[in-house]
Each structure stands twice: as structure tokens, then as C-alpha cells.
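Peer 1: Right, I'll just put the structure down here and ask away after.
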Amino acid sequence: MQNRVTMPALMATPQTPRSKKTAAKPAAKSAATGAASKSKTASASASRSAAAQVPAAAVEVDQLVGKKAPSFRLMSGKGEVISSSSLAGAPYVIYFYPKDNTPGCTREACDFRDAQKDFAKLGVRVFGVSPDSTASHQKFATSYGLNFELLSDPDHELAEKYGVWALKKNYGREYYGIVRSTFIVDDKGKVRAAYRGVRVDGHVQKILEELKSK
């Protein structure tokens, strides 16, 4: 319920004007005061209205955690179809990255590669997702010896389901793209943890720590 702001009514004080000129001054002052009060009320109302229109996404609460993970059926860089239904009953990590063979994405992929033994011990599979083609994924995986699946999401449908396809700004240019993010899905198919706007350094270690804390 929005709080309503009401201004107290201005109480008129009877006066006996000595002349037309002296009577006009209080009236003018009263009108100015009333106008200022209305202006403040309108300003306060506009501020409350603007605050009420802040999108839910601005609130730092991830709506996916604890809910069923978005379903998918995507082609891997190896030319195989990977679906969420085929992963039922097993936990997995799915991370979204902007583009193959770019500096940050390469470092992140290599960090996941180097930690595969740790993920395997925990019984957790890792999947990387980007809008790149399967051919691009295959080349990327071969170049860096990636030992986990890269999934192609060319129409960014899965990225949109996870809420990681968003408007980005870079050097004054605006465009839509992937917001680097990682999600842990448990063996019941629910999102256990979500990491959005990821910084690559130390990120994979954080994921492992979260998995081990269960």
C-alpha cells in the first residue's frame, strides 16, 4: 500500500484591509505558499512513483534459486544432443560465457578444465554455454584441450530462460549479449546456487567450495 501524503489546509486569518494595496499582499503571499506546497507534494509523489517502478531484477535476490532449473535441449561441440532430461537425477554446473576464444572466456574455460578431477570426484558434470556455433565450440575445445561439453545456444533461448541475456554497454556502445554467469543444479533438478556478473579469477574455486559445503 502506498503512503499518501496530504498537506494541511491553509487556515485563512481574517484581516481588515486598510487599502486595496495592503489587502493584496497577504493574498499574493498565500497563493505563493500554496503553490510551493503543491510543488513539493507533486515532487514527493513523483519520487515515490519512480521508486515503485524499479524493476524486480534490480533487487539482489535470485529468483531461480530453489526452483526447477530451466529445461533445454542443445547441440554440443561434439555434435551430440545434450538435454536437461538426460541429466535427471545427477547434479551439474552450467555456466554461460559471451564468446569462444576471447581472453576472459578462455581463462574461465581453462580454469574449469584444470578442475575437472575435482568436479568428477563430486559426481558433478560441467557444461559451458554460449551463442557460438558447434563448429566454433569444437575448435575452441581442441585449441585448449577442454575436457567438458560446450553447448551451442545460437538463438540465446536458454540464456533468456536463465536471465543472462541482457543489454550491455561497452565504450559507449549498447548491445545485447551474455552476462557471464554460473548456476549449480542439484540432483533433484533445482537451482541450488546462482552466480551472476562473474569475475573469472577464483570463480571456479568458489563453485567447488559451494559443492563441497553440502
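Throughout, read-outs are computed from the coordinates displayed, never taken from laboratory work. Nothing here was measured: the structure is a model prediction, and the numbers come from that model. Glycine also receives a Cβ, built like all others from the backbone with ideal geometry; neighbour counts cover every protein chain displayed.
Peer 1: Apply the Karplus parameterisation 6.51 cos²θ - 1.76 cosθ + 1.60, with θ equal to phi minus 60°, to every residue of the stretch 172-183 and state each ³J(HN,Hα) to the nearest whole Hz, in sequence, with x for glycine and proline.
Peer 2: Once θ is set to phi - 60°, the couplings for the stretch 172-183 become x, 9, 9, 7, 8, x, 7, 8, 3, 8, 9, 10 Hz.
Peer 1: Can you order the peptides 186-196, 168-178 by their average number of other Cβ atoms within 10 Å per residue, highest first?
Peer 2: Result, highest mean first: 186-196, 168-178.
Peer 1: Now for a separate question. Where nothing but the Cβ of Lys and Arg (+1) and of Asp and Glu (-1) is charged, how large is the charge dipole of the stretch 64-212 around its Cα centre, in debye to the nearest 20? Numbers along the way, then the final one.
Peer 2: On the way: 23 positive and 18 negative charges, 62 e Å.
For this selection, approximately 300 debye.
Peer 1: Shifting gears a bit: Give me a comma-separated list of calculated 3J(HN,Hα) values for the stretch 200-213, in order, Karplus coefficients 6.51, -1.76, 1.60 applied at θ = phi - 60°, integers in Hz, x for any Gly or Pro.
Peer 2: The phi angles translate into 4, 4, x, 5, 4, 5, 5, 5, 5, 5, 5, 5, 6, 7 Hz.
Peer 1: Work out how much length Leu167 to Arg107 would gain on full extension: take 0.36 nm times their residue separation and subtract the Cα-Cα distance, in nm to one decimal. Intermediate values should be presented prior to the final figure.
Peer 2: Details: separation 60, 0.36 × 60 = 21.60 nm, distance 2.35 nm.
Taking Leu167 through Arg107 to full extension adds about 19.3 nm, to one decimal.
Peer 1: Also, quick follow-up: How far is the Cα center of the stretch 135-152 from the Cα center of the stretch 89-114, in Å?
Peer 2: Using only Cα atoms to place each centre, the spacing works out to 10 Å.
Peer 1: Assuming R0 = 45 Å, can you tell me the calculated FRET efficiency for the pair Lys121 and Glu157, based on Cβ-Cβ distance, to the nearest 0.05?
Peer 2: Efficiency, from the Cβ-Cβ distance: 0.90.
Peer 1: Which whole-Hz ³J(HN,Hα) couplings does the stretch 119-128 yield from phi under the Karplus relation 6.51 cos²θ - 1.76 cosθ + 1.60, θ = phi - 60°, glycine and proline marked x?
Peer 2: These are the phi-based 3J(HN,Hα) values: 5, 4, 4, 8, x, 10, 8, 10, 10, x Hz.
Peer 1: Let me ask something else about it. Quick one: which residues, 5 or more positions from Val129 or on another chain, have an amide H under 5 Å from its amide H? H modelled 1.01 Å from N in the peptide plane, none for Pro or chain starts.
Peer 2: Tyr95, Phe96, Tyr97, Leu151
Peer 1: Does the stretch 64-212 come out rounded, prolate or oblate by the C-alpha gyration tensor, with a ≥ b ≥ c the root eigenvalues, rounded set by a/c under 1.5 and, if not, prolate when a/b is larger than b/c and oblate if not?
Peer 2: It is rounded, given that a/c, with a ≥ b ≥ c, falls under 1.5.
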